Amino acid sequence: MAFAAFSTAEAQPQAQRKRSPIALFLLLPGIAYLVLFFLTPLVSLILTSLQAPSEFGDIGVYDYAFNWQNYVDVVTLYWPHILRSFGYALVATIAALVISYPLAYFIGVKARRWPLLQSLMLVLVIAPFFISFLLRTLAWKQILSDESFIITSLKALSLMAPDAHFTGTPFAVIFGLTYNFIPFMTLPLYTTLERLDVRYLEAGSDLYANPFHVFRKVTIPLSMPGIVAGTLLTFIPAAGDYVNASRDFLGGPDTQMMGNVIEANFLVLLNYPAAAALSIILMAAILVLVGIYVKRSGTEDLL
Amino acid sequence: MAIREFAERGADLELVGIQKRFPGFTAIENLDLKIPAGSFFALLGPSGCGKTTTLRLVAGLEEPTQGRILIGGSDVTSTRAHERPVNTVFQSYALFPHMTIIENVAFGLKRRKIADPMAKAHEALKLVELDHIAQRKPQQLSGGQQQRVALARAIVNRPALLLLDEPLGALDLKLRRQMQLELKAIQEEVGLTFLHVTHDQEEAMTMADTVAVMNKGAIEQMGAPEELYELPRTAFVANFLGQSNLFTGQVVSTTADAITVESAGARIVVPAARAQRHQGEVTVGVRPEKVSLHREAPAADANRNVLAPGRVVDVSFSGVSTQYLVEIPGHGTVMVFAQNIGFGPVAGLGSEVWISWAVEHGFGLEDGPDETRFQDDASTTSLAALHREALVSELEEH
C-alpha cells in the first residue's frame, strides 16, 4: 500500500509532462480525419439546409441564404414520416430486444459450459453479415410476396384475408427492421451477459428472490450496459433506415420513413435544402432522444 | 415453510445420507450430519474436500444426488434456494454492485415483504458499525467493510440457519482476528445456528463450538475443538488440525491402562484410553508443544517417553515460541515448540538433544500415518543439503 501511494504520487507529474506533445501528435491523424470527413460535411449540410431557391435559376439550383423557413416547411409537410420513423424504430428495437435477450442469455450464460456451442452460436448470429443486407431484404420480399408459398398457404387456411398483402404493410417494414438489426442487438447483450457473475444470481435467490425477481432486480440491472448499447445500435440506424421501408423492398406508399423522404428529396425532387433540413432534424432528434435515454437508464457507473 | 416471518431462534440442521456427484467425480460420499440448534458449527477441510459443496447443498444452490436435508425437522430437499429459511455469507461477498449498501441489506427483507425493511436494515448495519456508509456503493468499500455488509445482509433476515462460506478468507490477519471475535459475539447475541466452512484450522477452533474435519467428501472426526486437538483419531486430523509428531510401530505390551509401542528401537507408552487400537501395528503421536528438549540425557522416568539423542537441524524463532526441528535416527524429523520463557534458544543449530514428553500427552491413531510422511523431504534444509552434496561430488570429479 505504502509503495503504491508513493509511486503514484511520483508518477503523476511525470505522466502529465510526457502526455502533452506525443499524445497530441498521435491524435493528429484522427482529428484530421474527423475534420475532413465529419465536420466538413456537417457544416455543408447545415448551410445547404438554409439555402433558398435561386431567383433566376433552374430547378435544383439554390443560393446560400438564411432561409430557416425550410425547417417549418419540411415539418409541416413530412411530420407523419418523422413520427412513423421513430415509431417503427421504437417497435423494431423493442422486438429485437425481446428476441435477442433470451438468445444472448443462452449464449453468454447457459452455454458457458460448452465453449464450442457458444462459438458456433455466435458464428450463426454473425453469419447473415456474410451476405449483403440488400440481398437478404430482397429475399424476404420474395418469401413474403403475395405469390409466395407462405402467403398462399396462409390464405388457403383462411388465416389471412384473400385480398390482404404482407409486403407494403407497416408490419412488414417493422419485421424487416427487426430482422436486420438483431445481430446489432445480440452482440452487445452477449458481451455483457458473458461477463455476468452468476454468484450475484445465487445471492439473489439466497435472499428469497424467486427466479423472476432475480431476473428483474439483478440480471437486468447488471446487463444494462449491454441493453443500452444494443438498443442504441438498433434504434439509431433503424430510425434513419430507408431500405426496408422502400417500395422496392418491404414497404409501400403508406410506410415511407424519413430516410425515404430524404432520398426522394435529394435524388428525385432535387430539393436539396428540404433534404438537408430533414437530415438535420433526424440527427438532432436522435441526439436528444439518446441523451435522455442514456441519462434515464442511469448506466453511468456501470459503463 | 414460513419464510415470511423471522425465525424465533436457530433451527437444527440434519443431513441424511447425502451424496453429491458431479459429472466425472463424486464431491460428497454418504454424509450424515446433525447440527444442533443455536450452535456454531465449523466444517473444516482442505480445498476440494467437499465442504463448500455441502454448504451449497444446504443453501439450495445445488441438488443432492441422493439423501435428504432437514432444517428444523422439515424436509427441504426439494425446495428451491429462495424458499429456504437459510442465508449465506458468500466467500466473494456477492454484494450487488448496482445497489447501495442499504439497498443490499434490505433486499431480502423486501422480498419477504417484512414490515419496515429500511429501519431493520439500518439496525443491522449498526450492528456491524457501518450505518454511516449506508448510501455508498459496494465498490467504494474496503474488503473488511464489504465482508461486514455481507454479514449484515444475511443476518438481517434472521435466518434459522446462517451459512458462512470462508467469509474471512480475503481479509488480512489482524482484521480476520477482529471479525472472528465479532462474528462469535453476534452469534451469541442473536442465537442463530451458524454453519461455517473454512480451511483455516485456527479460525475453526477459535470460533466454533463443534468442529467437523472433512476429507475427501467424508467427515473424518467431529467434536469440540479441544477434544479434536487433544485426541485426534486419524492421521489426517492430527496433521490438519495443528501439527503432530507421529511414530509407527508394533504394540509390544498392553496393560489395562497403557499400551507400549516399539518404534525404531524406542519404546513409546500411550494411555490405553487415548489409543484407538490396542494391537498390531499402530501409529502414535504427540503435539509439538508437549515435547521438551533436553541438553543431556534425562533421568529415566516411567511417566515420560524419551527418544534417543538427535540433532537440531532447524531453529526458527516466532515470537511467543521457538520451533525446533530435531533429526532423530530412525524416527525422522521431530518438531518441538518451546515457549520463550527464558532468553535465547534452549539449543543451538547442530547441537545434540534428547526429547521427552509426558505419557498422558500421547495419542494413538485409528489409521496409519498418511503417505505424505514418506514422500521426499522438501524442506529447505534438506534441499540445501542435497544441493551441497551435489556440488561437493562435482568438485571431487574434477
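FYI, it's all coordinate maths here, none of it is from the lab. Since the model is a prediction, treat every value here as computed from it, not as a measurement. Cβ sites come from the backbone with ideal geometry, for glycine too, and all protein chains shown count toward neighbours.
Taken residue by residue and averaged, Cβ atoms of other chains lying within 10 Å of the Cβ of A:207-219 number 6.
Residues whose amide H lies under 5 Å from that of B:Asn215, counting only those 5 or more places away or on a different chain, are B:Glu220; hydrogens are built 1.01 Å from N in the peptide plane. For the stretch A:58-68, the Karplus equation 6.51 cos²θ - 1.76 cosθ + 1.60, evaluated at θ = phi - 60°, returns couplings of 7, 5, x, 10, 10, 10, 5, 7, 10, 8, 5 Hz by residue, with Gly and Pro reported as x. Projecting the Cα positions of B:Ala115, B:Gln146, B:Asn87 onto the charge dipole of chain B (unit charges on Cβ atoms of Lys, Arg, Asp and Glu, taken about the Cα centre) puts B:Ala115 furthest along the positive direction.
Calculated FRET efficiency, A:Phe130 to B:Asp75, Cβ-Cβ distance, R0 = 41 Å: about 0.15 to the nearest 0.05. Averaging 1/r across all pairs of distinct Cα atoms in the stretch A:78-297 and inverting the result yields a Kirkwood radius of 19.3 Å.
Between the listed residues A:Pro41, B:Gly310, A:His165, the Cα displaced farthest toward the positive end of the dipole of the protein assembly as shown, a dipole computed from Cβ unit charges relative to the Cα centre, is found at A:His165. Take the Cα of A:Ala284, go 7 Å toward its beta carbon, and the backbone nitrogen atoms of the stretch A:84-119 under 20 Å from that spot belong to A:84-87.
Measuring from label point to label point, each 7 Å out along Cα→Cβ, what is the B:Glu123 to A:Val123 span in nm? According to this spin-label approximation, the distance is 5.9 nm. Between A:Glu55 and B:Ala218, the modelled label-to-label distance comes to 10.6 nm, taking each label 7 Å out from Cα in the direction of the beta carbon.
P(r) tail for the stretch A:230-272: Cα pairs beyond 13 Å make up 55% of the total.
Between the C-alpha center of the stretch B:127-153 and that of the stretch B:242-281 there is a gap of 53 Å.
In terms of overall dimensions, the C-alpha atoms belonging to the stretch B:13-228 reach 46, 37, 32 Å along their principal axes, ordered largest to smallest. Can you give me the long-range amide H partners of B:Ile259? Hydrogens built in the peptide plane at 1.01 Å from N, cutoff under 5 Å, separation of 5 or more residues or another chain. Close amide H contacts, sequence-distant or interchain: B:Val270, B:Ala272. Taking the Cβ-Cβ separation of B:Val190 and B:Ser47 as r and a Förster radius of 30 Å, what is the calculated FRET efficiency to the nearest 0.05? About 0.50, to the nearest 0.05.
Peptide packing for A:254-260, B:219-225 was compared via the average number of neighbouring C-beta atoms within 10 Å per residue; ordered from the highest value, the list is A:254-260, B:219-225. Counting Cβ atoms of other protein chains within 10 Å of each residue's Cβ and taking the mean over peptide A:195-205 gives 6. Between A:Tyr293 and B:Asp116, the FRET efficiency estimated from the beta carbon spacing at R0 = 35 angstrom works out to 0.50.
Inter-part distance, the stretch B:55-96 to the stretch A:21-37, computed on C-alpha centroids, equals 58 Å. Inter-chain neighbour count for B:85-98: the average number of beta-carbon atoms from partner chains within 10 Å of each residue's beta-carbon is 5. List the pairs from A:Lys295/B:Lys126; B:Lys20/B:Lys174; A:Lys110/B:Lys120; A:Lys217/A:Lys295; B:Lys113/B:Lys137 whose alpha-carbon separation is above 31 Å, in the order I gave them. Exceeds cut-off: A:Lys295/B:Lys126; B:Lys20/B:Lys174; A:Lys110/B:Lys120. Backbone amide hydrogens, once placed in the peptide plane, bring B:Val89 within less than 5 Å of B:Leu163, B:Leu164, B:Asp165, excluding anything fewer than 5 places away on its chain. Structure remark: mean-square fluctuation, Gaussian network model of chain A, C-alpha springs under 10 Å; the largest value among A:Thr178, A:Thr234, A:Thr48 belongs to A:Thr48.
The string of couplings for the stretch B:206-211 from the Karplus curve (6.51, -1.76, 1.60, θ = phi - 60°) is 6, 9, 8, 7, 10, 10 Hz, one whole number per residue in order, with x for Gly and Pro. For chain B, the alpha carbon convex hull comes to 208 Å³ per residue, rounded to a whole number. Rounded to the nearest whole Hz, the Karplus-based 3J(HN,Hα) values (6.51 cos²θ - 1.76 cosθ + 1.60, θ = phi - 60°) of the stretch B:39-45 follow the sequence 9, 10, 10, 10, 9, 10, x, with x at glycine and proline.
If exposed means no more than 15 neighbouring beta carbons inside 10 Å and the site is in a DSSP loop, what's the longest run of chain A without any exposed chymotrypsin sites (Phe, Trp or Tyr not before Pro)? Of all site-free stretches, the longest is A:69-303.
Taking every pair of distinct Cα atoms and averaging 1/r, then inverting, what Kirkwood hydrodynamic radius in Å comes out for the stretch B:231-384? Taking every pair of different Cα atoms in the stretch B:231-384, averaging 1/r and inverting gives 15.9 Å. About its Cα centre, the dipole of the stretch B:1-156 is roughly 380 debye, where the only charges are +1 on Lys and Arg Cβ and -1 on Asp and Glu Cβ. Label zone (B:Asp367, point 7 Å along Cα-to-C-beta; backbone nitrogen cut-off 16 Å) within the stretch B:37-68: B:44-51.
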